[in-house]
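Below is one structure; the comments refer to it alone.
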Amino acid sequence: MSSNSFAYTEQSGGGETAELGQEATSTISPSGAFGLFSSDLKKNEDLKQMLESNKDSAKLDAMKRIVGMIAKGKNASELFPAVVKNVASKNIEDPNQLIRASALRVLSSIRVPIIVPIMMLAIKEASADLSPYVRKNAAHAIQKLYSLDPEQKEMLIEVIEKLLKDKSTLVAGSVVMAFEEVCPDRIDLIHKNYRKLCNLLVDVEEWGQVVIIHMLTRYARTQFVSPWKEDDGLEDNEKNFYESDDELKEKTEDRKKPYTMDPDHRLLIRNTKPLLQSRNAAVVMAVAQLYWHISPKSEAGIISKSLVRLLRSNREVQYIVLQNIATMSIQRKGMFEPYLKSFYVRSTDPTMIKTLKLEILTNLANEANISTLLREFQTYVKSQDKQFAAATIQTIGRCATNISEVTDTCLNGLVCLLSNRDEIVVAESVVVIKKLLQMQPVQHGEIIKHMAKLLDSITVPVARASILWLIGENCERVPKIAPDVLRKMAKSFTNEDDLVKLQILNLGAKLYLTNSKQTKLLTQYILNLGKYDQNYDIRDRTRFIRQLIVPNEKSGALSKYAKKIFLAQKPAPLLESPFKDRDHFQLGTLSHTLNIKASGYLELSNWPEVAPDPSVRNVEVIELVKNFWVCFLESESGSESGEGGGSEEEEDSSEDSSEGSSSEEESESGDESEAEHKRMPFLTVNPISTPVVLPTPALSPSLIADLEGLNLSTSSSVISVGTPVFVPGKTHVLLHRMSGKGLAANYFFPRQPCIFGDKMVSVQITLNNTSDRKIENIHIGEKKLPVGMQMHVFHPIDSLEPEGSITVSMGIDFCDSTQTASFQLCTKDDCFNVSIQPPIGELLLPVTMSEKDFKKEQGMLTGMNETSAVIIAAPQNFTPSMVLQKVVNVANVGVVPSGQDNIHR
């Protein structure tokens, strides 16, 4: 390798480069392979020195050489940190705050561990930036760096601690989110900032409010005593057996102590109350869960009206809100009883919403409103939504269980439903009646007889099994009907469902033990049928019953207890709400919705018996007060010495005095104290041991400062991606139904940002099954893509029913070219070669820019970037709107305001 390759120079500004290159070549050993490796090593060291140089020309030459190395296929990965440092550092130090923030976002999005130190330095620098917008992005970058390298946790905690002291409302939500991700257990970082966060909460952006409220809810559960103690009295006067009189007296005195809420506890509840009127449903839900978990029970009722208001939102919001109301209504019915009619089911509600409303109505049912609710339920049973009708029948059963006054009424109503034409309604009624009869073992012989007659018409296995179980349990009350039912079931045994067969075996065993004379041969016949059944569960049950009830030489000791085993009194089923066990999850969380602990869930701790020291939340402001008086006195002395001076001079003098170093203040403290006594003998500044509580303004000044800090001047060039002006509905044939053996595929470009990658074009494919058979395992097979082109395929489709249709999304990186993306669209049995070729207009993204920026960017284009098309229209129709419509129909571009009528940009 010659020295010329190391000494790349230009006519201007290449002196240092040449020197570095010559120095590198002079150290190369001329001998063998060792000299070659030494050469590569020195070459990279040379480039690193050039990148760290103070001269831009040297950096530029180094970058050119690195690009050349990459083009030749040489490994330049060890230079990556140095390149990133040069590219990012310049933008991070840019005078425009938007560019600085964007540079930090880009740097933190590079998921390469080798640049972690550079990222850490950038975050530390950005956390001290004068712009709150840049500091906000620094908080966002903390989470990204922690996920990339968790070993940086301690250093990141230092940055979080610094940002938590920030008084800007723009930063508050982001830094709390970083705190929750990195160190949620470090409650000590919140102590000094607790009151500030409570006061800033109303001015923080909405999603920041949600994060802060959830964090403060966890904080309150660890730092304050339970406000519910005021509601807990001595429910019984009995003492424990091992409790002495003195211990009982001491315990009683402790409970009689009046509860006093901590002022900081009250501050949090008071400052979150206005957010119940927020337009954001997540904020209202967050405040509701805070009141539920940390406020006194007497004050939690104010959240009910706000939650009911959210029921006017879309169905997704309704689903989450109703789930949380269902949990709340189990413990505190009185909160939502005034809004009972708000939970009535509408015909337009989806099934999931209807089911949740039924759950809430069941929880709110009592003796006063049950008659109204039962009339409402009668209407629901007639619904065309069979799943909802079945859920209503279950609801009636639960109401009958919970309210004894209407048990007989509900039971009679359910019996009437047994004559319904709908099989699903009848089957669900049978199941619920079975549970009610089991809970109240009284003489309901007529109901059992009526249900026995339904066996000839009901075909749902669960209902048939329930009827057989009821007859078997009450076989002694219906001695004439039970044997006849067993006879009918013996005839159809081989055709019954497995669940029904098991109950037929149980019925035969019970009748064999109670009415052996009539059913002995019939039972043995059924046992013989079960002995050769295909299902092993039925065969096992048959062998078990035969050995237990039919005495023989091999019968064990259990045979004499067979009657007690089969006819033992069964415990009544417990009909309770499925939301009963969800209260241990924090409301409004994913874990509560799924009723399972999700990844990242932070549990609420129990209330402490004794509140921790509240003084940890006090903020010392002694130095602030001292500096204030020093500034005041110096500014006053300045105004006295220069009587003709304006207000600007007074402000300058006060600012200069406040910006003095601490060492100067300490050295002059004696002189200042004497001056204070001379100038203002009536004023004394005493040391302050308690925090000074200043009144909170209605509008936080930090919000105004944040808005003023945003640089939105027209001098800076801002180009942002906009929304599509027009999305054509034209589709292209990907696979014809004749070529695809019944599988047809069409695709179109939705002109939306692709979720699979920034460089990918979003493509939506609609698959149709035009055949009369089910098509299985539809997936993308072999891909034949040009070099550099990438494709993100859709997940395989298990099956597509006849006449069925499904739309899936793909992402394709066409590398800014109109090359064809060829691949195979496969099914379980066949593979079909298909291809997608994008129109040039679909490779574009609309951006928003000024006319000045457009001309600037246009001047930088070359002929290689141009494409043209001809628009044909009648002269009378040639209007600006028509031209715009023609253009956006073929190209995904945006409109730039133009100062000339005959030029469209």
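Screening L567 on (1) in contact with a helix residue (DSSP H, G or I) (Cβ under 6 Å, 6 or more places away or on another chain); (2) in contact (Cβ under 8 Å) with a residue 12 or more places away in the chain shows it passes everything except condition (1). Looking across region 99-140 at every residue that is closer than 15 Å to D166 by Cα and outside any helix (DSSP H, G or I), the one that is farthest from the chain's Cα centre (by Cα) is identified as L130.
Please list, ordered by first then second residue, the pairs with beta carbon atoms under 7 Å, 6 or more apart or interchain, first in region 814-831 and among the basic types (K, R), second surrounded by fewer than 20 Cβ atoms within 10 Å (Cβ to Cβ). These pairs meet every condition: K828/E776; K828/N777.
Across region 765-788, the number of residues qualifying as under 33 Å from the mean Cα position of the chain (by Cα) and open to solvent by less than 20 Å² (accessible area, probe 1.4 Å) comes to 3.
Take the residues in region 464-481 that are of a type in the set (A, V, I, L, M) and touching a Lys or Arg at 6+ places or on another chain (Cβ under 8 Å), then tell me which one is farthest from D533 (Cα to Cα). Among those residues, the one meeting the criterion is V478.
If the condition is being closer than 15 Å to D829 by Cα and of a type outside the set (V, I, T), then region 783-819 contributes P796, D798, S799, L800. Regarding N402, is this residue among the polar types (S, T, N, Q) and either on the phi > 0 side of the Ramachandran plot or at pLDDT below 90 (or both)? For N402, the condition - among the polar types (S, T, N, Q) and either on the phi > 0 side of the Ramachandran plot or at pLDDT below 90 (or both) - is met.
Return a yes/no flag: does region 205-214 have any residue that is under 15 Å from H140 (Cα atoms), open to solvent by 10 Å² or more (accessible area, probe 1.4 Å) and among the aromatic types (F, W, Y). Yes, that holds for at least one residue. Condition first: in contact with a Pro (Cβ under 7 Å, 6 or more places away or on another chain) and open to solvent by 60 Å² or more (accessible area, probe 1.4 Å). Can you find one or more residues in region 426-437 that meet it? Yes: region 426-437 contains one or more residues that are in contact with a Pro (Cβ under 7 Å, 6 or more places away or on another chain) and open to solvent by 60 Å² or more (accessible area, probe 1.4 Å). Look at (1) closer than 22 Å to N363 by Cα; (2) surrounded by fewer than 15 Cβ atoms within 10 Å (Cβ to Cβ); (3) not small (G, A, S) and you find that E423 fails only one, number (1).
Somewhere in region 68-82, is a residue farther than 21 Å from N44 by Cα and either outside any helix (DSSP H, G or I) or more than 31 Å from the chain's Cα centre (by Cα) (or both)?
no
In region 480-499, the residues that are on the phi < 0 side of the Ramachandran plot form Cβ pairs under 7 Å with partners that are of a type in the set (D, E, K, R) and at pLDDT below 90, at six or more places apart or across chains, as follows: I481/K449. Suppose the filter is modelled with pLDDT of 85 or more and of a type in the set (S, T, Y); does T459 pass it? Judged against the criteria, T459 is not a match.
Filter region 789-839 for residues that are open to solvent by less than 50 Å² (accessible area, probe 1.4 Å) and of a type in the set (D, E, K, R) and give the result. Selection gives D813, D830.
Only a single criterion out of (1) among the aromatic types (F, W, Y); (2) surrounded by 17 or more Cβ atoms within 10 Å (Cβ to Cβ); (3) under 22 Å from K563 (Cβ atoms); (4) at pLDDT 90 or above is not satisfied by F493, namely (3).
So that you can scan it fast, the table gives a plain yes or no per residue for (1) within 28 Å of S53 (Cβ to Cβ); (2) surrounded by fewer than 16 Cβ atoms within 10 Å (Cβ to Cβ); (3) in contact with a helix residue (DSSP H, G or I) (Cβ under 8 Å, 6 or more places away or on another chain):
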residue: P95; (1), (2), (3): yes, yes, no
residue: I99; (1), (2), (3): yes, no, yes
residue: L104; (1), (2), (3): yes, no, yes
residue: I114; (1), (2), (3): yes, yes, yes
residue: N137; (1), (2), (3): no, no, yes
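For V460, the criteria (1) of a type in the set (A, V, I, L, M, F, W, C); (2) in contact with an Asp or Glu (Cβ under 8 Å, 6 or more places away or on another chain); (3) open to solvent by less than 10 Å² (accessible area, probe 1.4 Å) hold in every case but one, which is (3). You will find that of L590, L594, L558, the residue that is exposed (fewer than 14 other Cβ atoms within 10 Å of the Cβ) and under 30 Å from I353 (Cα atoms) is L594 and no other.
Listed by first and then second residue, the pairs linking a residue in region 512-537 that is within 22 Å of K564 (Cα to Cα) to a residue that is open to solvent by 50 Å² or more (accessible area, probe 1.4 Å) and assigned to a helix (DSSP H, G or I), with Cβ atoms under 7 Å apart and 6 or more places separating them unless they lie on different chains, are Y512/K520; L513/K563; L522/R487; L527/R546.
For region 156-169, residues that are part of a helix (DSSP H, G or I) and either in contact (Cβ under 8 Å) with a residue 40 or more places away in the chain or exposed (fewer than 13 other Cβ atoms within 10 Å of the Cβ) (or both) total 2. Taken over region 890-904, residues that are assigned to a loop (DSSP other than H, G, I, E, B) and either surrounded by 12 or more Cβ atoms within 10 Å (Cβ to Cβ) or in contact (Cβ under 8 Å) with a residue 40 or more places away in the chain (or both) amount to 10. When residues in region 77-88 are screened for being buried (at least 17 other Cβ atoms within 10 Å of the Cβ) and over 21 Å from R105 (Cα atoms), 1 of them pass. The lone criterion from (1) in contact (Cβ under 8 Å) with a residue 24 or more places away in the chain; (2) assigned to a helix (DSSP H, G or I); (3) farther than 16 Å from V432 by Cβ left unmet by T362 is number (3).
Checking each residue in region 378-418 for being touching a Cys at 6+ places or on another chain (Cβ under 8 Å) and within 23 Å of S347 (Cβ to Cβ) picks out I396, C399.
Restricting to region 777-834, and then to whatever is among the aliphatic types (A, V, I, L, M) and part of a loop (DSSP other than H, G, I, E, B), can you tell me which residue is farthest from A744 (Cα to Cα)?
Here is the first cut: in region 777-834, the residues among the aliphatic types (A, V, I, L, M) are 778, 780, 785, 787, 789, 791, 793, 797, 800, 806, 808, 810, 812, 821, 825, 834.
Retained after the next criterion (residues that are part of a loop (DSSP other than H, G, I, E, B)): 785, 787, 789, 793.
On the way: L785: 22, V787: 29, M789: 25, V793: 18 Å.
Among those that are among the aliphatic types (A, V, I, L, M) and part of a loop (DSSP other than H, G, I, E, B), it is V787.
The values are calculated or read from the model by the stated rules, or taken from the named source; none is laboratory data. Keep in mind that what you see is a predicted model, and the values were worked out from it rather than measured. Cβ atoms come from the backbone with ideal geometry, glycine included; neighbour counts cover every protein chain shown. Note: accessible area is taken over every heavy atom of the protein model, side chains too, but ligands, DNA and RNA are not part of it. Shrake-Rupley method; radii C 1.70, N 1.55, O 1.52, S 1.80 Å.
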